[in-house]
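The values are calculated or read from the model by the stated rules, or taken from the named source; none is laboratory data. As the structure is a prediction and not an experimental result, all values here were calculated from the model. No Cβ is skipped: glycine too gets one built from the backbone with ideal geometry, and neighbour counts run over all protein chains shown.
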Amino acid sequence: MVKRRNGREWALQMLCQLDLNPEFQNEIPEEALHAFWKLVKGEESRALEEQEYGIIPLLTSDEKYDIRALPRIRAFAEERIRGVWESVAEIDSTIEPYLENWSFYRLGTVERNAIRLAVWEMLNASDIPHPIIINEAVDITKYYSSTQSSRFVNGVLDRFSKSLLEKQSAPESK
């Protein structure tokens, strides 16, 4: 099934690619995005084909509809890719105080970009509760990195979330 989780994973994969390629530091090349989505679409098509030939259990009709939802999830992922990459310097400076004696560039690529993605969502996706954003970032970090890394990501994002919520709920000074 193609879900928002897939969109976040795809966003993380593309952000890692951008992060590791210095020539992408100023903008996201459309050809890189196009190549990435072509690869993703190929993987989804192969998975559906394998399911239709009985290589893995067949999907229900509802699940097949979700696979066809790829454009919607692609838009979800691209919004995050573009949002994070356009404000990466701001995100890095915003979250640096919550790293407790670490700098962003001492972090692994997966951890750094999982934090960036989650922070962007906390700041820009008000319809998604912070615990869900943090949980997704932790789970994705576990999958692409390690349990130890996911604990670190959880701690950083939890401190940031609490601070952000305190700032939002504090009465404005006159």
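Checking R80, R116, R74 one by one, the residue that is over 17 Å from D19 (Cα atoms), basic (K, R) and in a helix (DSSP H, G or I) is R74 and no other. Applying the criterion of being at pLDDT below 95 and either touching a Leu at 6+ places or on another chain (Cβ under 9 Å) or of a type in the set (S, T, Y) (or both) to the residues of segment 160-174, the residue that is surrounded by the most Cβ atoms within 10 Å (Cβ to Cβ) is L164. Among the criteria (1) surrounded by 15 or more Cβ atoms within 10 Å (Cβ to Cβ); (2) more than 16 Å from A75 (Cβ to Cβ); (3) modelled with pLDDT under 70; (4) not hydroxyl-bearing (S, T, Y), the one E44 does not fulfil is (2).
Here is a list: S93, S146. Which entry is more than 14 Å from the chain's Cα centre (by Cα) and more than 22 Å from P22 (Cβ to Cβ)? Please lay out each step first, then the result.
On the way: S93 fails: more than 22 Å from P22 (Cβ to Cβ).
Exactly one of S93, S146 is more than 14 Å from the chain's Cα centre (by Cα) and more than 22 Å from P22 (Cβ to Cβ), namely S146.
Among the residues of segment 1-40, those that are within 23 Å of T141 (Cα to Cα), among the charged types (D, E, K, R) and not in a loop (DSSP other than H, G, I, E, B) comprise R4, R5, R8, E9, D19.
Anything in segment 80-111 that is of a type in the set (K, R) and surrounded by fewer than 21 Cβ atoms within 10 Å (Cβ to Cβ)? List them, or say none.
In the first step, residues of segment 80-111 are kept if they are of a type in the set (K, R); the result is 80, 82, 106.
R82, R106 - these are the residues of segment 80-111 that are of a type in the set (K, R) and surrounded by fewer than 21 Cβ atoms within 10 Å (Cβ to Cβ).
Those residues that are in contact with a Phe, Trp or Tyr (Cβ under 7 Å, 6 or more places away or on another chain) and hydroxyl-bearing (S, T, Y), I need them from segment 101-146; list them, please. Selection gives nothing. Looking only at segment 1-26, residues that are surrounded by 12 or more Cβ atoms within 10 Å (Cβ to Cβ) and either touching a strand residue (DSSP E or B) at 6+ places or on another chain (Cβ under 6 Å) or charged (D, E, K, R) (or both) come to 6 in all.
If you go through segment 7-27 one residue at a time, do you hit one that is at pLDDT 80 or above and over 15 Å from the mean Cα position of the chain (by Cα)?
Filtering segment 7-27 for residues at pLDDT 80 or above gives 7-21.
Next, from what is left, pick out any that are over 15 Å from the mean Cα position of the chain (by Cα): 20-21.
So far as segment 7-27 goes, yes, one or more of its residues are at pLDDT 80 or above and over 15 Å from the mean Cα position of the chain (by Cα).
Considering every residue within segment 123-138, establish whether at least one is of a type in the set (D, E) and at pLDDT below 95. I'd like the intermediate steps shown before the answer.
If we filter segment 123-138 for residues that are of a type in the set (D, E), which is where we start, we get 127, 136.
Narrowing further to those that are at pLDDT below 95: 127.
Checked against the condition, which is being of a type in the set (D, E) and at pLDDT below 95, segment 123-138 yields at least one hit.
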